[in-house]
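Notes follow the structure.
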Amino acid sequence: MKIEVFKMYKASDERYDNMKIRRAGNSGLQLPALSFGMWHSFGDDANFKDSREVMLNAFDKGIFSYDLANNYGPGSGAAERMFGQVYKNDLKPYRDELVITTKAGYHMWPGPYGSFSARKTLIAALDRSLERMGLDYVDIYYSHRFDPNTSLEETAEALDSTVRSGKALYVGISNYNGEQTREIIKYFKELHTPFVVNQASYNMLNRSAETDGTIDALKENNDGLVAYGPLAEGILTDKYLNGLPDDLKLHFTNSFMMENKDEVVKRLNQLNELAKNRDQTLAQMSLAWLLHDPVVTSVVTGASDPKHLDSNLKALDNLDFTEDELTRINEILKK
């Protein structure tokens, strides 16, 4: 068995020089404009050396927030185990700088308590996550999805208890629509729970967070939104300007884009021309567009290699949009 020996890691002294840092509402939570997502490419079959390299490169560039979940992998717990190895060997000296987040709610283990947001599920899942990552606490603990069979009051009380036990500093929700967000925020306020963000699928082509009232609910309560799926699994890049393949696999929140592929491709090319005029790639403009709204605290991006990550970071060089540009984007997307 070959044992990999890695050079001792020391973080770059310039890691915060160019990162834009944003606050979630009026809370004390601050996040980098881009967070490092570990949904894909960090499973049990991933190349540990390459994964470690891109994770550490992210921190060197000022990305101090790592986004995980119990079910990330592939293979439940796999991404958390990998993160735990890198944390133990390289990142542990920087714990007070890091924002480490995890979630529970999608399938995690067999049986009725292995998914959704019952009190037993949320508390057991957090214990598993902490053990896998080698942590005493996480910075944000999320209910990963709305549970139609459990009262929101029970879910809120369970999340609140994780903070009171010292196992989480803040709590969040994910994939909750506007009505669900408003209701659970009401319980959080009654409990004085440090709720800070809703993590939702949001990109230029998928604007349901606007239309279902999620963003309005967060703005009303001075909370933040963390956007995931900002590039719609690669659709909002220059990869598909000539067409979308029939076998393209999309997250369920973006699957509607396959219903009228020709129209989507037409819009991509129009957006790409606008991005060129901004001296950005389509992907960079897509990330920048999300961040032009201050309610978006951070955008979760995945990266399998440092070059991909560096390209995404260039989006932060130009986050300003003229009114004409915003109007043109809306015209393209409303056709």
In this structure, does E97 turn out to be surrounded by 22 or more Cβ atoms within 10 Å (Cβ to Cβ) and charged (D, E, K, R)? no
Among the candidates L290, L326, L309, single out the residue that is of a type in the set (A, V, I, L, M, F, W, C) and surrounded by fewer than 15 Cβ atoms within 10 Å (Cβ to Cβ). L326
Flag for E153 being over 24 Å from S208 (Cα atoms), charged (D, E, K, R) and assigned to a helix (DSSP H, G or I): yes
Among the residues of segment 205-230 satisfying the criterion of being farther than 21 Å from D67 by Cβ and small (G, A, S), which is surrounded by the fewest Cβ atoms within 10 Å (Cβ to Cβ)? G213
State which residue is modelled with the lowest pLDDT when the search covers only segment 227-267 and only residues that are out of contact with any Phe, Trp or Tyr (no Cβ under 9 Å at 6 or more places or on another chain) and aliphatic (A, V, I, L, M). M258
Sort out which residues of segment 170-204 are farther than 17 Å from E153 by Cβ and either among the polar types (S, T, N, Q) or surrounded by fewer than 19 Cβ atoms within 10 Å (Cβ to Cβ) (or both), and write them in order of number. S174, N175, N177, P194, N198, Q199, S201, N203
Just checking, how many residues over segment 107-129 are over 23 Å from the mean Cα position of the chain (by Cα) and surrounded by 15 or more Cβ atoms within 10 Å (Cβ to Cβ)? 2
Can you tell me which residue is nearest to L290 (Cα to Cα) among those in segment 300-315 that are of a type outside the set (A, V, I, L, M, F, W, C) and not in a helix (DSSP H, G or I)? T301
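The values are calculated or read from the model by the stated rules, or taken from the named source; none is laboratory data. From a predicted model like this one, the values you see are computed outputs, not experimental measurements. Glycine gets a Cβ as well: all are built from the backbone with ideal geometry, and neighbour counts include every protein chain shown.
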